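> Pasting a structure below so you can have a look.
The numbers here are math on the coordinates, done by the rules we state, and not lab data. Just so it is clear, the model here is predicted, and its values are computed rather than measured. Here the Cβ positions follow ideal geometry from the backbone for every residue, glycine too, while neighbour counts run over all protein chains shown.
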């Protein structure tokens, strides 16, 4: 029997180290062959935004290659590949309401839109849940 985990992510890309920490934890679980359920909520729906592109950094006078800007949707695609390689799975759901509020509707193919019902079903069907929330100032 495989271990199953749910992760709820809330932070947008580049906003805090919480997002990178969450993706690292998901990577570790994927490498262990776990069955993973990810619910991207609030700003985290931008992680899977397919149209984000690499860019130069004119402030530092770097071209696109020198800047080597990380793209979260590429990380998500890589996590899916890692899970499959290790005989696990990832089901990634982006909150449709959150995406609508932010004008984000073009996600990478390895994710899908959904609702809070998906999150409830994830929590109800997995061994454990980790919510990586946001903080207010």
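> Starting from 0.36 nm per residue, how many nanometres of slack lie between residue 106 and residue 81 once their C-alpha separation is accounted for?
Here the segment from residue 106 to residue 81 would lengthen by 7.0 nm.
> Which residue fluctuates most in the GNM of the chain (Cα springs below 10 Å): 58, 38, 28?
Maximum among the listed residues: 58.
> If you take the alpha carbon radius of gyration of the chain and divide it by 2.2 N^0.38 Å, what ratio comes out, to two decimals?
1.07
> Over region 24-70, one equal point on each Cα, no solvent: what is log10 I(q)/I(0) by the Debye formula at q = 0.29 Å⁻¹?
-0.99
> Where does helix 72-85 land angle-wise versus the long Cα axis of the chain, in degrees 0 to 90, nearest 10?
Rounded to the nearest ten degrees, it is 40.
> Another question, then. What is the calculated FRET efficiency for residue 69 to residue 16, with r their C-beta to C-beta distance and R₀ = 22 Å, to the nearest 0.05?
For residue 69 and residue 16, the calculated efficiency is 0.80.
> Label points 7 Å out from Cα along the Cβ direction at residue 60 and residue 134: separation in nm?
My value for the distance between the label points is 2.6 nm.
> Once both axes come from the Cα atoms, what is the angle between helix 17-31 and the longest principal axis of the chain, in degrees from 0 to 90, rounded to 10?
50 degrees
> Report, as a whole number in µm² per second, the diffusion coefficient that Stokes-Einstein gives for region 64-137 at 20 °C and 1.002 mPa s using the Kirkwood radius over alpha carbon pairs.
146 µm²/s
> Over the chain, what relative contact order in percent results from Cα pairs under 8 Å that are six or more residues apart?
For the chain, the relative contact order is 36 percent.
> If you project the alpha carbons of region 46-93 onto the principal axes, what extent comes out on each, in Å, largest first?
Rounded to whole Å, the extents work out to 43, 20, 11 Å.
> Which order, highest average first, do 92-99, 105-112 follow once you tally other Cβ atoms within 10 Å for each residue and take the mean per peptide?
92-99, 105-112
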